[in-house]
Amino acid sequence: MASKIVPTQTKGLYDCRVLSNDEVARGIFLMRLHAPEIAARVQPGQFVNIKTQPHDSDEIAPLLRRPFSVCQTDRNAGWISILWKNVGPGTRMLSRHPIDTVLNIIGPLGKGFELTDENAAVALVAGGLGVAPMPILAAALHERRSSFTVLLGARTSAELWGKEELQRFGAQIRIATDDGSAGHRGFVTELLQNWIKEHDPIASRVYSCGPMPMLERVASICSAAKVRAEVAVETVMGCGFGICMGCPIQPREGVEQFGRYYLACLDGPVFCADDIRYESTSH
Amino acid sequence: MASKIVPTQTKGLYDCRVLSNDEVARGIFLMRLHAPEIAARVQPGQFVNIKTQPHDSDEIAPLLRRPFSVCQTDRNAGWISILWKNVGPGTRMLSRHPIDTVLNIIGPLGKGFELTDENAAVALVAGGLGVAPMPILAAALHERRSSFTVLLGARTSAELWGKEELQRFGAQIRIATDDGSAGHRGFVTELLQNWIKEHDPIASRVYSCGPMPMLERVASICSAAKVRAEVAVETVMGCGFGICMGCPIQPREGVEQFGRYYLACLDGPVFCADDIRYESTSH
Amino acid sequence: MNPLRIKIARLEFPNPVFVASGTFGYGQEAADLANLSALGALITKSIGAQPRRGNPHPRLFETTAGLLNSIGLQNVGVQSFIQEKLPFLRAQRVPLIVNVAGRTIDEYEEVVTALEAHEGILGYELNFSCPNVKEGGLEFSQKAEVTAVATARIRKLTKRLVIPKLTPNVTRVSEIARAAESEGADAVSLINTLTGMAVDIETWRPRINTIVGGYSGPAIKPVALAKVYETAKAVNIPVIGIGGIRNWQDAVEFFLVGASAVQVGTANFVDPRTAEKIVNGLQEYLERKGLASIDELRGGLRVEKRG
Amino acid sequence: MNPLRIKIARLEFPNPVFVASGTFGYGQEAADLANLSALGALITKSIGAQPRRGNPHPRLFETTAGLLNSIGLQNVGVQSFIQEKLPFLRAQRVPLIVNVAGRTIDEYEEVVTALEAHEGILGYELNFSCPNVKEGGLEFSQKAEVTAVATARIRKLTKRLVIPKLTPNVTRVSEIARAAESEGADAVSLINTLTGMAVDIETWRPRINTIVGGYSGPAIKPVALAKVYETAKAVNIPVIGIGGIRNWQDAVEFFLVGASAVQVGTANFVDPRTAEKIVNGLQEYLERKGLASIDELRGGLRVEKRG
Ligand SMILES: Cc1cc2nc3c(=O)[nH]c(=O)nc-3n(C[C@H](O)[C@H](O)[C@H](O)COP(=O)(O)OP(=O)(O)OC[C@H]3O[C@@H](n4cnc5c(N)ncnc54)[C@H](O)[C@@H]3O)c2cc1C
Ligand SMILES: Cc1cc2nc3c(=O)[nH]c(=O)nc-3n(C[C@H](O)[C@H](O)[C@H](O)COP(=O)(O)OP(=O)(O)OC[C@H]3O[C@@H](n4cnc5c(N)ncnc54)[C@H](O)[C@@H]3O)c2cc1C
Ligand SMILES: Cc1cc2nc3c(=O)[nH]c(=O)nc-3n(C[C@H](O)[C@H](O)[C@H](O)COP(=O)(O)O)c2cc1C
Ligand SMILES: Cc1cc2nc3c(=O)[nH]c(=O)nc-3n(C[C@H](O)[C@H](O)[C@H](O)COP(=O)(O)O)c2cc1C
Ligand code: FES
Ligand code: FES
């Protein structure tokens, strides 16, 4: 079935103060932002689009905003956090910002994960920075009292983040690293295969975020096992809210989608795993 | 007579560490740079062309270098200083740099003041940031044991800098401010007129730097009084060393200049006051 | 009296700051971020006769101070536009101009004819940067004759504003503009995107799927200003200036070289409130300069030689 | 074997990184900042038949990631070039190409004829962006016929390299390039500057004295790449790519779209060692990619559709 569009009538444009911006794993930073309106409304899997220059800066580059999954939200304290890594000009700009820098943010954006009420067995599968949306998702699952397992993949233990954070929500954690420096030596998708063996497909649900090749693997494993899976994709975005049409995602053959592309920022970033094609989408 | 071109065979391109960058008057900053090769060779009135981004930065804007008069030089300690004011992107960039930032600098550039050996009466006339080249000039005059007077003009006392610095070289200082908050209320050129009355024109010499309209006034006062004067002009520059031809200065009618423009960066920035035309040269 | 009010032909616009086609969707997507009623006009994403899915990924690449795009005119088609998008737009208090795209002149006619039956549309901006199948993919407005014929045929169909939107990828854009003017265009808008490209030096692939694409953003502003200046001197109809406008200062430059109105494009992606901010900035600028209206700014460039 | 060696016609160049006309003076000014012998070739500031004083101030204005200029072909004239500049250049170990400017084809001929009598010049780059007095100021290379005639007449005068330098301000630069090729050009170089402008919104004056001027720098790179790509596909002579090149990565993009050599322009003002740095960067890149020579890079763009 095709993912449906959630009306985005609740998004807004806000100037948000940086509350903290700390390296939480090697090269990986957690930035907390004062954004009460977003914190109150954001759903797991939604993202924010950040102007990486300070709001009062007249620096032109980077020209466009940069999208980041909401990692954590604290409705009462009115903050959200994003987990980011320095890969280019936009994220390098983020690394410049001391506490109290004010950033202009649009959010919450996009369609998040569909949470099950059924007390199904749930696995969260994250590769690399794909762990970013997992804490807010884990918190939501925890609220609904559903127990769940998190499968965390990283290149090496030094680049691993989220274990403690996720355990706070009663998650069982299984870890895989490419170099075996923590947990299973190998791919997180191998952990997924084992996890699926342990559970009844009909009563199981998988949520995943990470690099496209990993998501593709998750999709094929799950569809083979007839397990319902949702994936959060990352693609280049021009606007983040549907006016540039710059973020196409190919529907899988046969998926009824009125012969058009999905737009990652409106129809996604979360899709049913077997609705989309997994071409590389980073520019 | 036409100013002659001094061969610039001694210029170089250097990475220089910022030793200090302090506000020395309201909105006016003095930046000291470790640049032993330049310090050893720079002549009064010469300038340096600075890439305002840190040498290892990949920020594109500002695209071009920005030229600054050398204000002070310490051959032994191997540093030079520039006096600067925030007027746009390039100078705003300078304000970002903490101590130990490394800047790429080309210098020394251009043709400086011609110092007199004759023990003539000398007046240095500076308007606003035109005081920048005066300390290095005063030091040179001091070495030659010539006594001299400095006429300092500023909008207001808060924006006045150089008094103590120049007195160290035995300069007599006279001050003029637009608002009368220090010294004479009015233009520095009025001080010049008085000074000229007190001296024998043939045995007098004037060196001036400041905004074009002020230099124009200095030129007409001096030529009327038959006093030899040199002025340091500030014009927009593309390269600073003669390859872009972007810094034309009009010769005054009648000045033999092979029917071409002067180039401020090669033939100047110091010119004989009556060799050039004083059209506004800031872009 | 509103100093920002302008007229194109007999029609009044509350202010001269429009949002450019393809950079504001169909209005709805930005409605809760920007105040639509603050816009001088909203110009829709190009509409064709049939829905088009557009080009595959990657469609965008950010360059130095610019943006390359190859959306491929993805659009819902004129019928679903009328059913799904027009009602919302009509309900807004914003002057509406529909941008029309086609691969043949017939397609432009088909779209305009369909839209003529419906209220709430002030005019049509004709996207003459589309590849013309009859001319081997040459953009419609790369040839004066084609521009003239296409303009004339649309002119016959409607009393609404007809505004050919011109490509900058020509030797003399003013000649193209004159051809449009001679066939009854009410105004011309320019520039559409410059042809540009970028390459990934690791994969050796083009950065966007169509190899070359449309170049927009601050980097193209100097080119846009020169084209608008050239055109405003050559025609007697209003020229709508487009290209790299991010703030009111940019807009003032376009008015000074002869633009009657401006459009904000790429900047909407960064801040969908850009147009509204420009309107406020223009108001203050006029006051500070003691100008009674935007007309006193238009073409005010001082070109007397100096020095 | 030097992997960066390239050939244009029968002539060898030590590497494919040249410095562009008007951005490196006559070599002497930069000689103590940059290592001239590291350049693939040095192309002089445009030389005319007579000395020209050029345009009054202001000649330069920095825009967002770009530069507007209106130098006005200030130059010493061919005779003083021969007497004052050529001896120094000849003494350097750098391949020398003289860029020739004219207001009429006769002037190009006059300059080339004068230079033919002197050693140490590998070829002539013909600045066909000069306003052609016979064509009402249209740039020579804005018309294919004019480009063909001018190229043919210069070709008759010399066995040295004849390299027409083309303006980007045209509808189809590849057609102009073909016209040059058909009349015996050994190569074409492009792009010269785009036409651009900027306005001071306080004084209402143009930012440069000629109102519109030449736009260069990083901002024009995507346009330059698209023009070089279009041209390299259309002609069989080498294409020398120019436009916004600041580093070796930029240069690699130009080679991948089909350039046989590149020229560094505006970047020289910021760092006169740019060309030398690019040469080193290219060497390392070839090694890292396991490529034996720059030829294996040229035109390597991978255009097969994906997704
Ligand atoms: C919905 C969504 C959620 C995201 N969530 C996060 C997050 O929580 N944490 C995080 O660190 N990043 C996240 N990203 C990716 C993030 O937006 C990019 O890392 C960022 O835009 C890079 O910008 P840059 O200027 O630093 O690097 P660029 O110069 O733009 O790119 C540098 C490198 O990163 C690649 N890249 C650029 N943009 C993307 C992208 N959108 N997706 C994948 N690769 C890209 C480029 O191909 C290039 O190789 C998300 C992207 C999307 C669309
Ligand atoms: C030989 C020489 C010596 C100089 N010495 C000094 C110095 O010692 N201290 C100092 O503060 N400045 C000096 N200047 C001026 C300095 O180069 C400019 O202030 C600087 O380039 C401005 O760059 P920006 O990017 O900050 O401002 P821009 O955005 O480039 O300009 C901001 C404003 O300053 C004006 N401006 C820009 N460049 C110049 C210029 N070259 N001359 C006058 N006005 C200009 C512009 O018209 C604009 O109004 C010197 C200039 C020259 C040519
Ligand atoms: C992503 C994108 C999509 C565009 N789509 C259209 C379009 O559908 N029709 C059209 O006439 N112009 C389209 N344009 C061109 C813009 O309307 C505008 O003419 C151009 O971008 C220059 O303005 P700018 O520099 O302010 O963006 C598009 C531009 C961009 C960046
Ligand atoms: C200040 C300046 C002067 C120039 N003078 C000439 C010239 O005399 N002859 C010429 O053919 N091109 C001239 N050019 C164009 C450059 O050679 C080059 O084609 C153009 O600047 C694009 O390259 P770039 O972006 O690397 O600067 C000049 C460019 C600049 C910026
Ligand atoms: S990012 Fe603009 S439409 Fe999706
Ligand atoms: S600044 Fe380039 S020649 Fe003077």
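The values are calculated or read from the model by the stated rules, or taken from the named source; none is laboratory data. Small disclaimer: the values here were computed from a predicted structure and weren't measured. All Cβ positions, even for glycine, are placed from backbone atoms using ideal geometry, and neighbour counts span all protein chains on display.
If you take the residues in region B:6-37 that are exposed (fewer than 14 other Cβ atoms within 10 Å of the Cβ) and over 25 Å from B:Val131 (Cβ atoms), which one is modelled with the lowest pLDDT?
Once the filter is applied, the top-ranked residue is B:Pro7.
Quick check on my filter: what residues within region A:25-58 are assigned to a loop (DSSP other than H, G, I, E, B) and either of a type in the set (Gly, Ala, Ser) or more than 15 Å from the chain's Cα centre (by Cα) (or both)?
Hits for region A:25-58 are A:Arg26, A:Gly27, A:Ala35, A:Gly45, A:His55, A:Asp56, A:Ser57, A:Asp58.
Which condition breaks for C:His118 when tested against (1) modelled with pLDDT of 95 or more; (2) surrounded by 21 or more Cβ atoms within 10 Å (Cβ to Cβ)?
(2)
Within region D:16-30, take every residue that is assigned to a loop (DSSP other than H, G, I, E, B) and either among the small types (Gly, Ala, Ser) or under 9 Å from the mean Cα position of the chain (by Cα) (or both) and give me the one that is nearest to the other protein chains (Cβ to nearest Cβ).
The extreme case among them is D:Gly25.
Does region A:48-58 include one or more residues that are under 30 Å from A:Ser223 (Cβ atoms) and within 14 Å of chain C (Cβ to nearest Cβ)?
No, the conditions are met nowhere in region A:48-58.
Does region C:184-198 hold any residues that are assigned to a strand (DSSP E or B) and surrounded by fewer than 24 Cβ atoms within 10 Å (Cβ to Cβ), and which are they?
The one that is assigned to a strand (DSSP E or B) and surrounded by fewer than 24 Cβ atoms within 10 Å (Cβ to Cβ): C:Thr195.
Between a first residue in region D:147-176 that is within 26 Å of D:Leu194 (Cβ to Cβ) and a second residue that is in a strand (DSSP E or B) and modelled with pLDDT under 95, which pairs have beta carbons less than 7 Å apart while being 6 or more apart in sequence or on different chains?
Listed pairs, sorted by first residue: D:Thr167/D:Glu139; D:Asn169/D:Glu139.
How do the strands (runs of 3 or more DSSP E) wholly within region B:59-108 filter down when requiring 2 or more residues that are away from ligand 5 (no atom under 16 Å from the Cβ) and within 14 Å of chain D (Cβ to nearest Cβ): which remain?
In region B:59-108, B:66-69 are the strands (runs of 3 or more DSSP E) which contain 2 or more residues that are away from ligand 5 (no atom under 16 Å from the Cβ) and within 14 Å of chain D (Cβ to nearest Cβ).
Can you tell me which of (1) under 19 Å from the mean Cα position of the chain (by Cα); (2) surrounded by fewer than 22 Cβ atoms within 10 Å (Cβ to Cβ) is the one A:Ser181 doesn't meet?
(1) is the only condition that A:Ser181 fails.
Working carefully through the options C:Ile208, C:Ile220, C:Ile245, find the one that is more than 11 Å from chain D (Cβ to nearest Cβ) and touching a strand residue (DSSP E or B) at 6+ places or on another chain (Cβ under 8 Å).
C:Ile245
How many residues, within region B:175-184, are hydrophobic (A, V, I, L, M, F, W, C) and outside any strand (DSSP E or B)?
The total comes to 1.
Mind counting the residues in region D:38-65 that are outside any loop (DSSP other than H, G, I, E, B) and modelled with pLDDT of 95 or more?
Residues flagged as outside any loop (DSSP other than H, G, I, E, B) and modelled with pLDDT of 95 or more within region D:38-65 amount to 9.
Name the pairs whose Cβ atoms lie under 7 Å apart, with the first residue in region D:245-271 and acidic (Asp, Glu), the second not in a loop (DSSP other than H, G, I, E, B), and 6 or more positions between them or separate chains?
If the second residue must be not in a loop (DSSP other than H, G, I, E, B), the pairs left are D:Asp250/D:Lys221; D:Glu253/C:Val199; D:Glu253/D:Leu225.
When you go through (1) farther than 18 Å from A:Val42 by Cβ; (2) acidic (Asp, Glu); (3) surrounded by 15 or more Cβ atoms within 10 Å (Cβ to Cβ) one by one for A:Asp200, which number turns out not to apply?
Among (1) farther than 18 Å from A:Val42 by Cβ; (2) acidic (Asp, Glu); (3) surrounded by 15 or more Cβ atoms within 10 Å (Cβ to Cβ), the lone unmet condition for A:Asp200 is (3).
One line per residue, one yes/no per condition, for (1) on the phi > 0 side of the Ramachandran plot; (2) more than 14 Å from every other protein chain (Cβ to nearest Cβ); (3) at pLDDT 95 or above:
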site: B:Gly183; (1), (2), (3): yes, yes, no
site: B:Leu191; (1), (2), (3): no, yes, no
site: B:Ile202; (1), (2), (3): no, yes, no
site: B:Gly210; (1), (2), (3): yes, yes, yes
site: B:Val218; (1), (2), (3): no, yes, yes
site: B:Ala229; (1), (2), (3): no, yes, yes
site: B:Ala232; (1), (2), (3): no, yes, yes
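Looking at region D:272-294, can you tell me whether even one residue there is within 18 Å of the chain's Cα centre (by Cα) and not in a helix (DSSP H, G or I)?
The answer is yes, given that some residue of region D:272-294 is within 18 Å of the chain's Cα centre (by Cα) and not in a helix (DSSP H, G or I).
Do you know which residues across region D:58-85 are farther than 30 Å from B:Ala61 by Cβ and either within 12 Å of chain B (Cβ to nearest Cβ) or touching an Asp or Glu at 6+ places or on another chain (Cβ under 9 Å) (or both)?
D:Asn75, D:Val76, D:Gly77, D:Val78, D:Ser80, D:Glu84
When you go through D:Ala232, D:Ala180 one by one, which is the residue that is small (Gly, Ala, Ser), within 13 Å of chain C (Cβ to nearest Cβ) and either assigned to a strand (DSSP E or B) or touching a strand residue (DSSP E or B) at 6+ places or on another chain (Cβ under 9 Å) (or both)?
Answer to the selection: D:Ala232.
Condition first: more than 16 Å from the chain's Cα centre (by Cα) and of a type in the set (Lys, Arg). Can you find one or more residues in region A:77-91 that meet it?
no
With C:Ala275, C:Ala267, C:Ala251 as the choices, which residue is under 28 Å from A:Glu59 (Cβ atoms), buried (at least 24 other Cβ atoms within 10 Å of the Cβ) and within 12 Å of chain D (Cβ to nearest Cβ)?
C:Ala251
Conditions tested, residue by residue: (1) at negative phi; (2) in contact (Cβ under 8 Å) with a residue 60 or more places away in the chain; (3) within 16 Å of ligand 1 (Cβ to nearest atom); (4) assigned to a helix (DSSP H, G or I).
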site: D:Leu67; (1), (2), (3), (4): yes, yes, no, no
site: D:Gly72; (1), (2), (3), (4): no, yes, no, no
site: D:Leu86; (1), (2), (3), (4): yes, no, no, yes
site: D:Val94; (1), (2), (3), (4): yes, yes, no, no
site: D:Asn99; (1), (2), (3), (4): yes, yes, no, no
site: D:Glu107; (1), (2), (3), (4): yes, no, no, yes
site: D:Glu110; (1), (2), (3), (4): yes, yes, no, yes
site: D:Gly120; (1), (2), (3), (4): no, no, no, no
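B:Glu279 versus (1) within 15 Å of ligand 6 (Cβ to nearest atom); (2) within 14 Å of chain D (Cβ to nearest Cβ): which is the lone unmet condition?
Status for B:Glu279: all satisfied but (1).
Which residues, taken from region A:163-190, are touching a residue at least 60 places away in the same chain (Cβ under 8 Å) and in contact with a Leu (Cβ under 6 Å, 6 or more places away or on another chain)?
Within region A:163-190, just A:Val188 meets the criteria.
Before we move on, is B:Leu266 more than 14 Å from chain D (Cβ to nearest Cβ) and either touching a residue at least 60 places away in the same chain (Cβ under 8 Å) or touching an Asp or Glu at 6+ places or on another chain (Cβ under 6 Å) (or both)?
no
Keeping to region B:66-80, report how many residues are more than 6 Å from ligand 2 (Cβ to nearest atom), surrounded by 24 or more Cβ atoms within 10 Å (Cβ to Cβ) and under 19 Å from B:Lys51 (Cβ atoms).
Of the residues in region B:66-80, 3 are more than 6 Å from ligand 2 (Cβ to nearest atom), surrounded by 24 or more Cβ atoms within 10 Å (Cβ to Cβ) and under 19 Å from B:Lys51 (Cβ atoms).
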